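Before any comments, here is the structure.
The values are calculated or read from the model by the stated rules, or taken from the named source; none is laboratory data. Model, not experiment: these values are computed from the prediction. In this analysis, Cβ positions are derived from the backbone assuming ideal geometry, glycine residues included, and neighbour counts consider all displayed protein chains.
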Amino acid sequence: MKKAYIKLVLIVCCGLLINCSKKANQAPSEVDLVFPSADLLCIENTITFNWTEAIDPENNDVEYNIIIAKDRALTDVVENRTLTESQIEITLEKETAYYWKVDALDVNNNLGSSSEIFAFYTKGDGEQNYVPFTSQLLTPNNNAIVASGALELTWKAGDPNLDDVLTYEVYFGENADPALVDDAVSTKSFSVNAAAGATYYWKVNVKDEAGAKSIGQIWSFTAN
C-alpha cells in the first residue's frame, strides 16, 4: 500500500513538472510595412498593400489584420480586414490622406506587436491644395512619465504639396482638453515647463500657407 502511494505521488509530481515545463504560446513577430511607404504622396487610389511576413516561434499559421483609417489614431476606419496573405489590393477614395498598420496573430489569437503607422495620400484628377498630414508624436511618448522641469515637445509633420510652408498650433495644459498656447509655431518643437506630480495634455494642429489645417490628436504625460 505504501509503495502504491509513493508511486502515485511520483506520477502526480512528474505530471506537474511536465505541465510546468511547457512554454506559454508566444505571439508572432512584428511585421514591417512595405507599400505604401511612409508619407508616400499622390499615389493611385487602387493600391496593392504589402508587408513582410511575420515569424511565429511555434511555426503556427499566421493571419494579418490590416487597418486603414483617415486619422493617425485609427479611429475613422475605412478598411479592417483579416487575411492569410501578406498583401491585398484595395481601392480607396481619391485626394485623401490615409493611415495604415498591420497586426499579426496566430491560431491561438495571440497578437504580436503592432507595426508602425504609415501615412500616404491618394492623388486626385488635377492640381490643387491638399490638407497637411496630421502631426505625428516624437517626444515625450504618449502617457510617459518624465522628469519635472524644462521639457521639449517634438513631433513630425508633412504635406502632400511638397512646397507648402507649414506652421503649427500648439495646445498644452493640465486640462484634458488643452488650451491653445501658440498659434504660429514655425518649428516642429515647443518648450514647456512641467511641475512634479502634474499630468499634462497637448496636441498639435498643422496648417499650410493656404489655410488648410489638420487637427491633431491629444497626447499626455506625467511629471515626477
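From the list T122, T91, T84, the one residue that fits, being touching a Lys or Arg at 6+ places or on another chain (Cβ under 8 Å) and either farther than 27 Å from S186 by Cβ or exposed (fewer than 12 other Cβ atoms within 10 Å of the Cβ) (or both), is T122.
Take the residues in the stretch 163-176 that are at pLDDT 95 or above and of a type in the set (D, E, K, R); name whichever of them is surrounded by the fewest Cβ atoms within 10 Å (Cβ to Cβ). Looking at residues that are at pLDDT 95 or above and of a type in the set (D, E, K, R), I get E174. Taking the stretch 185-220 as the range and being closer than 16 Å to Q136 by Cβ, without any contact (Cβ under 8 Å) to a residue 60 or more places away in the chain, part of a strand (DSSP E or B) and of a type outside the set (S, T, N, Q) as the test, the residues that pass are V185, F190, W202.
Looking across the stretch 57-69, the residues that are surrounded by 13 or more Cβ atoms within 10 Å (Cβ to Cβ) and within 17 Å of V102 (Cβ to Cβ) come down to V62, E63, Y64, N65, I66, I67, I68, A69.
In the stretch 69-184, counting only strands (runs of 3 or more DSSP E) that sit wholly within it, the ones holding 1 or more residues that are under 19 Å from W51 (Cα atoms) and not charged (D, E, K, R) span 77-83, 87-91, 97-106, 118-122.
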